[in-house]
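Here is the structure we will look at, set down as structure tokens.
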Amino acid sequence: MSPRLAIDYTPGPGHAPGLGRYVRELVRALVRLEDTPPLRLVEVGRGPAPMEGAPLALEGPEVLAAFERTRLRLPRRALAITAGLGDLAGRRALGGAALLHRTTLELPGPRERDGHLRIPHTIAVAEFPAPGSAADEVLAARCRAARGVVVFSADAAARVASRYGVVANQVPVGCDHWVREASSAPVPPRSTRDVLVLGAVRSSRRPLDVLRAFEALRASGEIARLLWVGRPGDLAQSFRGALSTSRFAGDVRWIEAPDERRMARCVSGASALLHLADDETTPVTPLEASRAGLPVVASRLPAFEEALGSSVLWVDATEPREIAEALRTAISNRDQVGARVERAAPYTWEACARAHLRLWEPMLLRGAGA
């Protein structure tokens, strides 16, 4: 029997963006590849699962034969603080797997000794906690004990090396999910020119700078609408306050409760993506827009530049007028669609899955022989 691979699937049904999308699309691709080992999908916690059902794409006889699914309906905190329970639950959940791929820090494994799990594991790192925080200490321990650390940019690999002393494995993140979904339900052109912003309204997304830039764009005479799709974050109240006094508030639409099933329509119908960020090590959002053919205006971050090069209009996130001018260029000049699509085309979820398999294959063979 082939050695079994366990994947922490906890974010998949519970979280639409970020790690949720990563693990959903990774598994979606894996179960459709012929050389994927038997999978055990493990979920922990009692939280809601808004992405359950069709978004998981785990239906059909051949797909269902490729995996088993285990749900531990226990509070994550209980698993974390109760060592014996965590050990027992981890053994039951992993079910004899030869390797565990972590996507969160919460999933228990058989009890750790001297920083090492009794079952080998790999871990995906897309975000970095504050240095010295409790989460950072847990992540450091997981990375140092792992057989492999997966990252999605050279910048992230350099941070793992400098902060944790570990050599990471860079894989391409996928960006073709919205194009796939939009192709099944084409979106007619909109009468408005939408500047699209994706992500929670939090300080790292610089919502007040976004609004100032949009106001400068409209004040210059450009007819456009700002469409922000993202949940309220730490600057939601400040953003609402700024909107209430903005002369262009009527041209701003904020979708506070995004429906993942409608995201492809939001992207397909937009004229440009504006993506300001203080610090990101995964280029997925600007890649998603580029793959859909959208012009992108974005902060100049290493992970973004590595993936997208000169196909993006780079801006200083603190300069609203500079951003406004870049947006004017983007929404009034939608040529070079082919170049943007071509630049993003290699970043598919199948390529991501195959890169994971290349990392896992020798580990699974060693685990089966142990």
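Looking only at residues that are loosely packed, with under 14 Cβ neighbours inside 10 Å and either touching an Asp or Glu at 6+ places or on another chain (Cβ under 8 Å) or in a loop (DSSP other than H, G, I, E, B) (or both) in segment 333-344, which one is modelled with the lowest pLDDT? Let's see the steps before the verdict.
Within segment 333-344, the subset loosely packed, with under 14 Cβ neighbours inside 10 Å is 333, 335-339, 342.
Adding the requirement that they be either touching an Asp or Glu at 6+ places or on another chain (Cβ under 8 Å) or in a loop (DSSP other than H, G, I, E, B) (or both) leaves 333, 335-336.
Numbers: 333: 73, 335: 70, 336: 76.
In this case the residue turns out to be 335.
Of the numbered conditions (1) among the hydroxyl-bearing types (Ser, Thr, Tyr); (2) touching an Asp or Glu at 6+ places or on another chain (Cβ under 9 Å); (3) without any contact (Cβ under 8 Å) to a residue 12 or more places away in the chain, residue 203 satisfies every one except a single condition; which is it?
Result: residue 203 passes all but (3).
How many residues does segment 318-333 hold that are more than 13 Å from residue 221 (Cβ to Cβ) and acidic (Asp, Glu)?
2
Does residue 223 satisfy the condition of being loosely packed, with under 14 Cβ neighbours inside 10 Å, assigned by TED's automatic domain parsing to the domain that holds residue 332 and β-branched (Val, Ile, Thr)? Steps first, answer last, please.
On the way: loosely packed, with under 14 Cβ neighbours inside 10 Å: yes; assigned by TED's automatic domain parsing to the domain that holds residue 332: yes; β-branched (Val, Ile, Thr): yes.
The answer is yes for residue 223.
Could you count how many residues in segment 220-240 are out of contact with any Leu (no Cβ under 9 Å at 6 or more places or on another chain) and under 21 Å from residue 321 (Cα atoms)?
If we filter segment 220-240 for residues that are out of contact with any Leu (no Cβ under 9 Å at 6 or more places or on another chain), which is where we start, we get 220-221, 223, 225, 231-234, 236-237, 240.
From what's left, under 21 Å from residue 321 (Cα atoms): 220-221, 223, 225.
Residues flagged as out of contact with any Leu (no Cβ under 9 Å at 6 or more places or on another chain) and under 21 Å from residue 321 (Cα atoms) within segment 220-240 amount to 4.
Just one of (1) at negative phi; (2) in contact (Cβ under 8 Å) with a residue 40 or more places away in the chain trips up residue 293, so point out which.
(1)
Going residue by residue through segment 338-347, is there one that turns out to be in contact with a Cys (Cβ under 8 Å, 6 or more places away or on another chain) and closer than 28 Å to residue 123 by Cα? Lay out the reasoning, then the answer.
From segment 338-347, those in contact with a Cys (Cβ under 8 Å, 6 or more places away or on another chain) are 344, 347; that's our starting set.
If we keep only those that are closer than 28 Å to residue 123 by Cα too, we end up with 344, 347.
So far as segment 338-347 goes, yes, one or more of its residues are in contact with a Cys (Cβ under 8 Å, 6 or more places away or on another chain) and closer than 28 Å to residue 123 by Cα.
Output the qualifying pairs, or none if there are none: Cβ atoms under 6 angstrom, residues six or more apart or on different chains, first residue in segment 348-370 and under 24 Å from residue 25 (Cβ atoms), second residue part of a helix (DSSP H, G or I) and modelled with pLDDT of 95 or more.
The qualifying pairs are 349/25; 349/29; 350/29; 353/26; 353/29; 353/30.
Please work out which residue is farthest from residue 359 (Cα to Cα), limiting yourself to segment 147-159 and to residues that are among the aliphatic types (A, V, I, L, M) and surrounded by fewer than 23 Cβ atoms within 10 Å (Cβ to Cβ).
Per the criteria, the residue is 158.
Tell me which residues, restricted to segment 120-146, are β-branched (Val, Ile, Thr) and within 18 Å of the chain's Cα centre (by Cα).
Residues satisfying the conditions are 122, 123, 125.
Would you mention how many residues in segment 221-259 are under 25 Å from the mean Cα position of the chain (by Cα) and of a type in the set (D, E, K, R)?
Going through segment 221-259 one residue at a time, the tally reaches 5.
Show me the strands (runs of 3 or more DSSP E) found entirely inside segment 259-331 where at least 1 residues are in contact with a Phe, Trp or Tyr (Cβ under 6 Å, 6 or more places away or on another chain) and not assigned by TED's automatic domain parsing to the domain that holds residue 55. Reasoning before the result, please.
Working: elements: 272-275, 296-299, 313-315.
Passing ranges, in order: 296-299.
Residues that are out of contact with any strand residue (DSSP E or B) (no Cβ under 6 Å at 6 or more places or on another chain) and modelled with pLDDT under 95, at least 1 per element: which helices (runs of 4 or more DSSP H) completely within segment 170-256 meet that? Steps first, answer last, please.
Numbers: elements: 177-184, 207-219, 236-244.
It comes to 177-184.
Take the residues in segment 19-48 that are surrounded by 16 or more Cβ atoms within 10 Å (Cβ to Cβ) and among the small types (Gly, Ala, Ser), then tell me which one is farthest from the chain's Cα centre (by Cα).
Among residues in segment 19-48 that are surrounded by 16 or more Cβ atoms within 10 Å (Cβ to Cβ) and among the small types (Gly, Ala, Ser), the one farthest from the chain's Cα centre (by Cα) is 45.
The values are calculated or read from the model by the stated rules, or taken from the named source; none is laboratory data. The model shown is predicted, which means the values in this text are computed figures rather than measured ones. Backbone-built Cβ (ideal geometry, glycine too); neighbour counts: all protein chains shown.
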